[in-house]
Structure formats: structure tokens, C-alpha cells
Amino acid sequence: MANRWTDEQLAAIQTRGANLLVSAAAGSGKTAVLVERIIEKITDEAHPVDIDRLLVVTFTNAAAAEMRERITAAIAAKLEENPSSESLARQMTLAAKASITTIHSFCLDTLRTNFSAAGIDPNFRIADSTENELLRLEALDEVMDEMFEDEELGEAFTCLLENYSSVKSRAGFDELIQTIYHFVMSLPDPEGWLTKAAERFSCGEGQFASSELANMIVEMAKDRVREIMARYDDLLEKARLDDGGDGVFLLLASERECLSHLLNIDRYDEACEWAASMTFARFPAAPKNSEPVYRESIKNIRAKAKEDFQKKVSGGLLMLSAQEQERVMRVFFPQMRCLSEVVRRLIVRFDEKKAEKNLLNFNDLEHGCYRLLTDGEGRPTDLARTIGGRFEEILIDEYQDTSRLQEAIFSAIKKENNLFMVGDIKQSIYRFRNTDPSLFREKKERFSAEEGARDRKIVLSKNFRSRSEILAGINTVFKRLMSASAGEIEYNEEEELYPGSEYPECPHPLTADLQLHVIDGTQEAEQSGEDTEDAAPAGQIEREARLAAEQIGELLSGGYRGLTKGGYRTITYRDICILLRKTKDWAEIFLQTLSEYGIPCYCETGGGFLQSAEVETMLSLLKIIDNPYQDLPLLSVMRSQMFVFTTNDLAQI
């Protein structure tokens, strides 16, 4: 693929003089494009750029090491083609000290180099996660003691604590403080955000309907209604196809039209009036002699949509009038101001405790670097201009997982048009770390696809890993799952995956048809009393494992052929992989079940050598040699590969 770049890949590699956003779908050759862009820049005969004048930012240390290895290998390959090139030899030497790093490593280097300006001891160390958490909890305890004794905020703090704690535990309150703390620390100005957030609850007489908070509530209600309307779209299609579905179709179309009216309303009081007037008619009976297929399904899904509307919209977000909301805000404003103050004091006290031990955490690295690079108004400092002047281009990998604070750091050192950002908002998985994928979405909406634009976007949508059947199945699923309100992006033609690889003909290919096998485990879950959200009963897991074993047996007995680097060959066990949501509780049952079917298997469970099935079996054997009356070790050995007793055999014994 490296020698047959697509037009979009070439544009991403060769575009110069622009801030470039590359939206690279899964399997689109993103890393190869990034490496090739770097190689072309450092080997450009007209305008060569030394590799140490590029800042390459990756998400993890492992990714940074891999990127450096790939770039070094690419330079070495070029050097083999042209061994007399002094320029390539120079780049090979410079590659060892090139700035290929994570954002935290960049911030760490900046702070160590400028420790005096940052006002920190150069001998600081990075706190480990346990130490960091213990200090934060200790700081929170001290802040809470202060708040109880605060003459101005003590009463409000007591109310706040009662609202977010139970009689037995304050865990809910601690979780709230932790969530807010981690969020604001991902922002350039935590204290500013805390102050502004609390002030949103300050509302004068008759001002709520036009307030920022009221606008937020209306937008949230619109998002809920859009989700419900999307369900109605699917129901309308089913009603159109169903025998005797005309009456249902008209009902659904009328209700969808009524729901859509909210999208044209902006004021809170008008939205409340609309929600109160929204009604749902009685579901019509089926016409005589009709044989509907989807009617019952439509009825149930519509009933759930109606319930969601009444709970989340008319009975939730838009339940209170503007006057009632004002009264609520007057009650809660002191508590919200108090909540903001608790987090602000936690930040200060936590910093004091870390300073006593000469510790910094990853948040401190980012904030310390940001304070060095910007003044009080967020403008770049002389140091930022000096650091930015060292780099001809800043290349950011996995840009969808960037936070607002990290974005501010990049903005401080960038030039007018030297940012190269690559990522895929569909693959953003670190929201729990307070990354902000909306940064990617905002740029994608704002940047132009036109060649020559100063802020340009390029979409890499061709997938080179999977066959068209797999991609079609993925597209079918995510068209229904991903939207602006659920996933923060519309899964449209621009976001779909398209096949990029061509596969040679095969006499007996392994079919790539997608299959969905639904195993109803609700009865077993009820009998076991386990929560199906987090755990599955052992019986259900075993049923899934047996289904997987049977599917594997069919694949191996079918004589199917799969494509490898050496061409097509008959598939074997090592060509098959089973992906689980988690290995805990599941992996052991799968391993045991597959072994019963004679399928060789292996799992990286992370349990360590002593927890492996082979070691535990031998330990059980030693136990029954010592004392043959131990039932559980005896059963373990009998069920093992040494004796291969089945469940039925054991039951008969």
C-alpha cells in the first residue's frame, strides 16, 4: 500500500503551508501517512527540514517509541537506496534526539528546562497514582473541616453535603467533587470556569427564561426529542411495509410532526408550553383480516418512546415553569457557589501538599507548562515564541483525544499555519480522562476541503484492513447508533468506511458474512441474582463458549481458505481469535469449554504464571496426593486434560 497512495493520502502527505486536519478512519493508513509526510519533509530537495525541527506528539509512550522506530526504519531504507547522501546520514543522526514525544513528556521537558521561571524545585518527581490519590483525599478532608467552620458558607455546605450524601456514607459527595475537580483541571482556567459555572445559578426576577442555563435546558430537551424522532423514523418505515399499517403510519407521522415543533422553539417558557400540550393518541387496533408483522413491535417501541418523553422532557427538563425554576435557583445558588468554593480550595490545598513533598502530577505538568507559555490573558509569552520557533511543524497524532488545556498549549507554540492534526472522532475513547472530542468536530466543521485553503481538512475513509462485507456490516450498525446527540457526530457518507484493498480470487474463500446470534440469558440471570449489566451467570457464558466452539468447528471442517502474506491457504486454529468484553470470569470458562471440544486455545489473562490453568491443575494434583479426600482439587484434576472426565461422567460417579 505504501507505494500506491490514494489521492487523499497523497494530499495529506504533500500539502504544505496550511493547518491540516486529517480525519483518518480505522485502517486507513493513518500512521503510514504521518511517517511518509515526515520523510518527505526531511528529504525535500527544495526545502529540506531537519527532523529535530519537527514536534511529533503521540498519545502514549509506546506509540512515541513505535513512531520513532518507524521513522528511523524509513530513513534507513532511504539511506540504503542512496548511501552517499549526507543529508540522510544527518537525519539518521538527528532522529535519536528528535522531539517525538507525548504531551506530558513535552511539558515535563519544558518545566525542567525552565524550572526557575516556573518557580519550582528542579528536583521534583512525578507522584505515583496511589500517592497522588491519598494526598488528594487528605486535602479534601481538610477542606471539608474548613467548610463546616466557615461562617459565611458553613450552612450552605451542610445542605450541599446532605443533598449528595447518604446517611451511612459521603461517597456520593466525594465522587461529585472528584468529577468536577478532574474536569476543571483539564481546562486552561479552572478557577474561572468554577466561578462562571456557579454564577449561572444567579438569576434575577423574570430573567430565567432568557438565561444561559435556560438555553442549555432547551437544547438538552431538543437532543432528547431528536433521539425520539429517530426512533419514529424507523417505526414509520416498518408501518409503511406492514400489512394494515396505514392507520399506524398516519398516527406516527402526526406525532413525529408534533415532536418536531420543539426544534423551532428557542425560549424556555415557550418550550414548556409546547411540552405541556404534547399528547399521544390511542394506538389503533389492527384492521380486520390483516396479518401485521411489525405492529406489536411498533406498539412497544412507541410506548417506550412516549415513556421517555414523559419522563425526560415534559416530566423532566421542561417540567418546571420559568417562575418555578427561578425559585429553585434562588435556593440552590448558595449551594452551587459553595460547591465551586470547595473545589477551588481543594485545588489550592492539594497543590500545597504536593509542594511540601516536591511532587507534581500530570495535571501539574500541563498547567505548569501552560503558565510558562501564556500570560494572564492567554497570549503567548516570549518563551512560547522561542519554543515555537524551534519547530517548522507540529504534528499531533490521535487529535480526537486532546483536552482543552492541551489544545491551549499547542496554540501557544504554533505558528500561523504549521499544525498537522490527525485522528478520528469515532475512535475517541478517553472522555473519562476529560479529553474533548468536540475540538476535532469543531475544526472538521470549520476547515475547508478545498485545495489551497489555509485551514484544510482531508478525509481518509478507505479501510485497508477489512473486506467489504465486514465494512458494510459496521456501517449498517453505526448508522443507527451514532448521531450528533449520541456520539457527537452524524454517521453520514463522509464517516462511513469504504473498502480500499482488492483481494485475489480464491476457489473456496472463507465467507465474510456477518452473523448475530442472540442468547437470552435473562432467566439464568434471574435465577443467579446477578446484575446482567456487569456480570453474566456462568451458564450463559458457557452457552456462548459452546456456540463459539461449534462455529470454529464448522470453519475448520469446511476447508475454507484465508489470505496470508504468502497467498491463500486452508485456515487453521491459529487464524481464529475470540474477542471478549472482559477476560475476568469469562476467559477461564471459554478456555475450558474450547478444550472440551478439542480446540487448542490460549488467553492472555494477565493473572500471571501461578494462576495459569496448567499450574493450578498441578497444584490440585499435589493437594490430592497429599489428601485424596479433597473434593474440589479432585474435580479439577479429573476435568483437566490429563483425565478428561466430562460433566456427565462426573454426574454418574
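When a 1.4 Å probe is rolled over the protein heavy atoms, the share of accessible surface on region 257-372 that falls to carbon and sulfur comes to 51 percent. Derived scalar couplings between HN and Hα for region 366-378 equal 5, 5, x, 5, 4, 5, 5, 8, 9, 8, x, 9, x Hz in order, rounded to whole Hz, by the Karplus curve 6.51 cos²θ - 1.76 cosθ + 1.60 (θ = phi - 60°), x for Gly and Pro. Placing R0 at 41 angstrom, the Cβ-Cβ distance between residue 381 and residue 93 gives a FRET efficiency of 0.80 after rounding to 0.05.
If you take the Cα centroid of region 14-37 and the Cα centroid of region 178-194, the two points sit 32 Å apart. Let me make sure I get this right: for region 179-248, a, b and c are the square roots of the gyration tensor eigenvalues over alpha carbons, sorted descending. Under 1.5 in a/c it's rounded, otherwise prolate if a/b > b/c, else oblate. Which is it? Taking the square roots of the gyration eigenvalues as a ≥ b ≥ c, region 179-248 is oblate.
Of the GluC sites (Glu not before Pro) in region 570-647, the ones in a loop by DSSP (not H, G, I, E or B) with at most 14 other beta carbons within 10 Å are 604. Ranked from largest, the principal axis spans of the Cα set of region 326-385 equal 50, 32, 15 Å. Model label points for residue 174 and residue 129, set 7 angstrom from Cα along the Cα-to-Cβ axis, are 1.7 nm apart.
Our note on the geometry: Cα centres of region 573-645 and region 227-250, 51 Å apart. Summary value for the chain: 18 percent relative contact order, contacts being C-alpha pairs under 8 angstrom separated by 6+ residues. Annotation: extensible slack from residue 652 through residue 519 equals 45.0 nm (criterion: 0.36 nm per residue apart, minus Cα-Cα distance).
Across the accessible surface of region 69-152, with the other protein chains kept in place and a 1.4 Å probe, carbon and sulfur atoms take up 49 percent.
Extending 7 Å from Cα along the Cβ direction at residue 427 and again at residue 448 yields two label points whose distance is 2.9 nm.
When a/c is below 1.5 the answer is rounded, else prolate if a/b is larger than b/c, else oblate, so apply that to region 367-510 with a ≥ b ≥ c taken from the square roots of the Cα gyration tensor eigenvalues. Prolate shape, in that a/c is at least 1.5 and a/b is the bigger ratio. Between amide H atoms placed 1.01 Å from N, distances below 5 Å from residue 127 occur with 360, 361, all of them 5 or more places distant or on a separate chain.
Entry comment: accessible area of region 13-100 is 45 Å² per residue, from protein heavy atoms only and a probe of 1.4 Å. Relative intensity of region 291-441 on a log10 scale, I(q)/I(0) at q = 0.15, 0.18 Å⁻¹, equals -1.02, -1.14, per a Debye sum over C-alpha point scatterers of equal strength in the absence of solvent.
A 1.4 Å probe run over region 110-199, with the rest of the protein chains in place, finds 58 Å² accessible per residue.
Probing with 1.4 Å while keeping every protein chain in the model, the per residue accessible area of region 453-513 equals 61 Å².
With charges set only on the Cβ (+1 for Lys and Arg, -1 for Asp and Glu), what does the dipole of the chain come to about its Cα centre, in debye to the nearest 20? Walk me through the numbers before you get to the answer.
Working: 77 positive and 111 negative charges, 279 e Å.
The calculation lands at about 1340 debye.
Of the solvent-accessible surface of region 539-653, computed with a 1.4 Å probe over protein heavy atoms with every protein chain present, carbon and sulfur atoms account for 57 percent.
Based on the Kirkwood approach, the hydrodynamic radius assigned to region 229-365 is 19.3 Å, with every pair of different Cα atoms included. Given their separation in residues at 0.36 nm each and the Cα-Cα distance between them, residue 557 and residue 464 gain 30.6 nm when the chain is fully extended.
Remark: the residue 112-residue 79 segment gains 8.4 nm on full extension, using 0.36 nm per residue and subtracting the alpha carbon distance.
With both residues required to sit in the chain, DSSP beta bridges show an antiparallel share near 15%.
Projecting the Cα atoms of 555, 130, 289 onto the charge dipole of the chain, computed from C-beta unit charges around the Cα centre, puts 555 farthest toward the positive end. Shape class of region 45-119 from the Cα gyration tensor (axes a ≥ b ≥ c, square roots of the eigenvalues): prolate, since a/c reaches 1.5 or more and a/b is larger than b/c.
Model label sites at residue 138 and residue 285, defined 7 Å from Cα along the beta-carbon direction, differ in position by 7.5 nm.
For residue 243, nonlocal amide neighbours, meaning residues 5 or more places apart or on other chains whose placed amide H falls under 5 Å from its own, are 293, 294.
Compute the distance from the alpha-carbon center of region 332-404 to that of region 112-159, in whole Å. Cα centroid of region 332-404 versus Cα centroid of region 112-159: 15 Å apart. Backbone amide hydrogens, once placed in the peptide plane, bring residue 393 within less than 5 Å of 55, excluding anything fewer than 5 places away on its chain.
Cys residues of the chain that find no other Cys beta carbon under 4.7 Å: 159, 203, 258, 272, 338, 506, 577, 601, 603.
The values are calculated or read from the model by the stated rules, or taken from the named source; none is laboratory data. Since we're looking at a predicted model, the values are computed, not measured. Don't worry about glycine lacking a Cβ; one is built from the backbone with ideal geometry, like all the others, and counts go over all protein chains shown. The accessibility values were calculated without ligands, DNA or RNA, using every heavy atom of the protein model including side chains. Shrake-Rupley method; radii C 1.70, N 1.55, O 1.52, S 1.80 Å.
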